[in-house]
1. If packing is taken as the average count of other Cβ atoms within 10 Å, what order do 41-47, 51-57 fall into, highest mean first?
2. Can you compute the FRET efficiency between residue 59 and residue 39 using 1/(1 + (r/R0)^6), with r the Cβ-Cβ distance and R0 = 25 Å? Round to the nearest 0.05.
């Protein structure tokens, strides 16, 4: 089956910017760059807990995949 021209025109609505609207730095020419820099903050205990839990779960799954008879 071939695609009809109308279906291709409908997909153009998904693009937010055209190639000619973006400058060489990847910035949109109509909007100025952000003035405030992003400053690092201290991590919360809850966020650290979930990261550590994710690392332990990933390591456990990898070990179970490599050594399936170890458990």
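What follows is calculated from the coordinates using simple rules that are stated; it is not laboratory data. Note that the coordinates shown come from a computational prediction; the quantities given were computed from them, not determined experimentally. Methodologically, a virtual Cβ is constructed for each residue, glycine included, from the backbone with ideal geometry; neighbour enumeration extends over all protein chains shown.
1. Ranked from most to least packed, the peptides come out as 51-57, 41-47.
2. 0.20
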